[in-house]
1. Any chance you could run the full-extension gain for residue 82 through residue 30? It's 0.36 nm times the residue separation minus the Cα-Cα distance, nm to one decimal.
2. Going by a ≥ b ≥ c, the root eigenvalues of the Cα gyration tensor, does the stretch 92-138 fall in the rounded group (a/c under 1.5), the prolate group (a/b larger than b/c) or the oblate group?
3. Around residue 97, with a cut-off of 14 angstrom between Cβ atoms, what is the net charge of the other residues, counting Lys and Arg +1 and Asp and Glu -1?
4. Counting helices only, and only those DSSP H runs with n ≥ 4, report the 222 nm mean residue ellipticity of the chain as the sum of -39,500 (n - 2.57) divided by its residues, in deg cm²/dmol to the nearest 500.
5. Taking 8 Å as the Cα distance limit and 6 or more residues as the minimum spacing, I'd like the relative contact order of the chain as a percentage.
6. For helix 29-42, what angle does its Cα long axis make with the longest principal axis of the chain, in degrees from 0 to 90 and rounded to 10?
7. Angle, helix 112-121 long axis vs. longest principal axis of the chain, Cα atoms, 0 to 90°, nearest 10?
8. May I ask for the net charge around residue 81, where only other residues with Cβ less than 14 Å from the Cβ of residue 81 are counted and Lys, Arg are +1 while Asp, Glu are -1?
Amino acid sequence: MSELQENVPLMAGLRKQPANNMETLTMSRKERARLTIMTGVTDGELTVVQAAELMGVCYRQGKRIWKRYQADGDAGLVHRLRGQPSARRKPAALREEVLALYAQERYADFGPTLMAEQRAKAKLVVDHETLRRWRMAAGQHAVRRRKQAHRQWR
């Protein structure tokens, strides 16, 4: 452990907020560690240079983090894409189209893998795991656990 890490108080990131100004933030461990370090900078126990070294970033990135922390508070340390839909998400129309196919008698007993193969033949490429997740979310697919065959020693 470096001497800089020893200077950071353990509970520095935990601050009591007034009851009327409560807001819940979801933070990763890395973001909570940054909160602790930035609290040390706020209290004057650390410099921005030391904080950047503790966070494992360069001084300039440390200054950017510090500036965002000053402007937005604890929420400034949370990754800004958290809670946003993925840029790689399949269109909702495709999802509805594929789920509607399961309602047809022809495809009703198809599993996710077979349906993915059939969709690939029709030039609609959807991975079988994506299909499985879509069906589970719609309540159409239940996980079936297979019973393990009992084996007995002679």
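1. Values: separation 52, 0.36 × 52 = 18.72 nm, distance 1.39 nm.
Between residue 82 and residue 30, full extension yields an extra 17.3 nm.
2. On the way: a/c = 1.20, a/b = 1.04, b/c = 1.15.
The shape class here is rounded.
3. Numbers: positive: 90, 95, 119, 123, 135; negative: 96.
So the environment of residue 97 carries a net charge of +4.
4. On the way: 7 runs with 71 residues, N = 154.
Result for the chain, helices only: -13500 deg cm²/dmol.
5. Numbers: 96 pairs, mean separation 20.4, N = 154.
It rounds to 13 percent for the chain.
6. Result, in degrees: 20.
7. Approximately 80 degrees, to the nearest 10.
8. Working: positive: 80, 82, 88, 89; negative: 31.
Its environment carries a net charge of +3.
None of the figures in this text is laboratory data; all of them are computed from the coordinates on show. Owing to the predicted nature of the structure, the values given are computational and were not obtained by experimental measurement. No Cβ is skipped: glycine too gets one built from the backbone with ideal geometry, and neighbour counts run over all protein chains shown.
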